[in-house]
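Comments concern the structure below.
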Amino acid sequence: MQTIAFEKFGAAPELTELPIPEPGPGEVLVRVRAASVNGFDLGVLGGALQGVYEYEFPVVLGKDYAGEVAAVGTGVESVSVGRRVFGVVMRPTLGQGGYAEYLAVPEQYGLAVIPEGLDDARAAALALSGTAALGAIEAVAPGSGDIVLISGATGGVGAFAIQLAVARGATVLATARPGAEAAFVTGLGASVAIDHTDLAAQVRAVAPAGVDAVVHLAGDGAALTELLVPDGRLASTVHFTPADPAVRATVVMADPARGRLEYLADEVVSGRLRVPLGRAYELSEVPQALTDFTEGTIGKFTVTV
Ligand SMILES: NC(=O)c1ccc[n+]([C@@H]2O[C@H](COP(=O)([O-])OP(=O)(O)OC[C@H]3O[C@@H](n4cnc5c(N)ncnc54)[C@H](OP(=O)(O)O)[C@@H]3O)[C@@H](O)[C@H]2O)c1
């Protein structure tokens, strides 16, 4: 099968022929049809996850996937061959990934059935970013009238976080450069676009007393913390914890439990949540997609497999 893999630390990712994996007990073999580009790919590639995960080279990149079940291992009961599924690759080691024609994933975690009305590209784009955004919004629990500042709002996680916060009645301030980025975040429901190069002044102009919550997806966590009201809430997907113990802070790890993936998928199908798609790439173009991703994105980049 064709994959995008890298052979060792420092090696470039490239189109690599590998054997189709066998699904082990409790595993589902997926014929992947789509995947999406995430910052996680760059972390894996750069070796930043050494010590967190074991790397089994060649390592196939790609943290989320959508496709159909090609085979099941012993003990798998919830899905059968041909069923359309999507999710996040939650294997214990780094080796298999979504940038491959086939992928074996655990049945019990990181996999859900794709509902009618959701295409493969949107399902893949939703999986990691959507569950990370959901975790961040649940952590800061915005209510009606709360002001929520989302830093890193133009990225994949941010695009979902904006919509989930607005749906809970919050007023969202979203970091974005003037122009296309600002139009992108306001199009998703943000009330005000904030240029992060002038963060404090622009936030104070609309929220002089501070913001009730910060969703920290990028930028300087300490500077963002200073914009909170006393005992405000902060959720960070980038492992930031504020020094001020009064801040109710949560470090968020995406939790792609089946019910959470199903919830997000249903929100999309019902029209309450949009999956903003950016550029689409073929599998062989993933190295270019990763380069483009580092240069800025509007909408999720997807890969057709
Ligand atoms: N803990 C978890 O489970 C988990 C899960 C998913 C993601 N994450 C992490 O969460 C972060 C966001 O993920 P993502 O997929 O949305 O990444 P992304 O697509 O790269 O989005 C990050 C966004 O932040 C913007 N940005 C860069 N510097 C900024 C600054 N100083 N202030 C405000 N915005 C800034 C970037 O804009 P430009 O394009 O203009 O630079 C980009 O649009 C990443 O670090 C990712 O690794 C963690």
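Each value in this text was obtained by applying a stated rule to the coordinates, not by laboratory testing. This is a predicted model, so every value here is computed, not measured. For neighbour counting, all protein chains shown are included, and Cβ atoms are generated from backbone atoms with ideal geometry for every residue, glycine included.
For the range 176-266, state which chymotrypsin sites (Phe, Trp or Tyr not before Pro) are in a DSSP loop and have at most 16 other beta carbons lying within 10 Å of their beta carbon.
Values: sites: Phe184, Phe240, Tyr263; in loops: Phe240.
Here no loop site has a sparse enough neighbourhood.
Here r is the Cβ-Cβ distance between Glu226 and Glu14 and R0 is 51 Å; the resulting FRET efficiency, rounded to 0.05, is 0.70.
Centroid-to-centroid, using Cα positions, the range 97-155 and the range 237-291 are 4 Å apart.
Candidates Val192, Val252, Tyr55 compared by Cα position along the dipole of the chain: farthest toward the positive end lies Val192, with charges placed on Cβ. Most simply put, the chain has about 50% antiparallel DSSP beta bridges, counting only bridges with both residues inside it. The magnitude of the dipole of the chain, with charges of +1 and -1 set on the Cβ of Lys/Arg and Asp/Glu and taken from the Cα centre, is near 540 debye.
In this simple spin-label model, placing a label point 7 Å from the Cα along the Cα-to-Cβ direction at both Glu282 and Ala200 gives a separation of 5.1 nm.
Using DSSP to define loop residues, name the chymotrypsin sites (Phe, Trp or Tyr not before Pro) in the range 82-182 whose beta-carbon has at most 16 other beta-carbon atoms within 10 Å.
Tyr109
Hydropathy first: keep DSSP H helices in the chain averaging at least 0.5 on Kyte-Doolittle, then drop any whose Cα extent along the axis falls short of 15 Å, and list what survives. Helix filter hits for the chain: 120-140, 156-167.
With +1 on the Cβ of every Lys and Arg and -1 on the Cβ of every Asp and Glu, and nothing else charged, how large is the dipole of the range 130-251 about its Cα centre, in debye rounded to the nearest 20? All intermediate terms of the calculation are to be shown ahead of the outcome.
Working: 5 positive and 10 negative charges, 40 e Å.
So the dipole magnitude of the range 130-251 works out to roughly 200 debye.
Taking a ≥ b ≥ c as the square roots of the Cα gyration tensor eigenvalues, the chain comes out prolate, since a/c reaches at least 1.5 and a/b is larger than b/c.
Whole-Hz Karplus values for the range 37-48 come out as 8, 10, x, 4, 4, 5, x, 5, 4, x, x, 5 Hz, taken residue by residue from phi with 6.51 cos²θ - 1.76 cosθ + 1.60 and θ = phi - 60°; glycine and proline positions read x.
Relative contact order of the range 130-251, taken over Cα pairs closer than 8 Å and 6 or more residues apart, is 24 percent.
Within 10 Å of each candidate Cβ there may be at most 15 other Cβ atoms; applying that plus a DSSP loop requirement, which GluC sites (Glu not before Pro) in the range 9-90 survive?
Details: sites: Glu14, Glu17, Glu27, Glu54, Glu56, Glu68, Glu77; in loops: Glu56, Glu77.
In loop regions of the range 9-90 (DSSP not H, G, I, E or B), the sparsely surrounded GluC sites (Glu not before Pro) are Glu56, Glu77.
Site-free segments of the chain were taken between trypsin sites (Lys or Arg not before Pro) in DSSP loops having at most 13 other Cβ atoms within 10 Å, sites themselves excluded; the longest one is 9-271.
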